[in-house]
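The values are calculated or read from the model by the stated rules, or taken from the named source; none is laboratory data. In this text, all values refer to a predicted model and were calculated from it rather than measured experimentally. Cβ sites come from the backbone with ideal geometry, for glycine too, and all protein chains shown count toward neighbours.
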């Protein structure tokens, strides 16, 4: 008499976020100070997180980047806690709405952001980063594009440039 093993049908895994892009091999990856806006960037008009937010935050932290959250309407720690993201955020600041570089010190921001994600283009123009649409479709993948750009930027060799993002470049 032979024993038979009953096979159970396997439940397919739930859809997951794609794996984080890997830095190019052979180089060291720079750690970047990444600043996220909140309203219509991370949290949409209906109070829900933009697609892939937790995956992107986790991937950035695992890659050694530092995540900051800032907003023009005040400190948004409660919002990040409510969505389970506070563990990834190093600090919170009030975002300058004008004279962006000049107001960093007055607002207690101790560094110039390396990369910002914001739905206001003038903030991205001032510091460099990703101008994200303020509306998100159900299949929105904007934050995955952000993750890919940051990964590429961190892996790129520097060419000795010392200008801060938004700082004029001396030519000649």
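Which fully enclosed strands (runs of 3 or more DSSP E) of region 87-143 have 3 or more residues being surrounded by 17 or more Cβ atoms within 10 Å (Cβ to Cβ) and without any contact (Cβ under 8 Å) to a residue 60 or more places away in the chain? Break it down stepwise before answering.
Values: elements: 89-94, 115-118, 129-131.
Those strands (runs of 3 or more DSSP E) span 89-94.
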Inset, instruction - Identify, from the list 42, 49, 85, 60, the residue that is modelled with pLDDT of 95 or more and under 16 Å from residue 149 (Cα atoms). - result: 60
Legend entry - Enumeration of residues in region 44-68 that are more than 16 Å from residue 139 (Cα to Cα), within 9 Å of the chain's Cα centre (by Cα) and part of a helix (DSSP H, G or I): 57, 60
Inset, instruction - Scan 64, 47, 72 and give me the residue that is more than 23 Å from residue 128 (Cβ to Cβ) and surrounded by fewer than 20 Cβ atoms within 10 Å (Cβ to Cβ). - result: 47
Legend entry - Count - residues of region 52-77 that are without any contact (Cβ under 8 Å) to a residue 60 or more places away in the chain and in contact with a helix residue (DSSP H, G or I) (Cβ under 7 Å, 6 or more places away or on another chain): 6
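Yes or no, residue by residue, for (1) modelled with pLDDT of 95 or more; (2) within 17 Å of residue 39 (Cα to Cα):
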residue	(1), (2)
108	yes, no
125	yes, no
134	no, yes
142	yes, yes
Inset, instruction - For region 150-164, indicate whether the set of residues that are surrounded by 12 or more Cβ atoms within 10 Å (Cβ to Cβ) and within 17 Å of residue 43 (Cβ to Cβ) is non-empty. - result: no
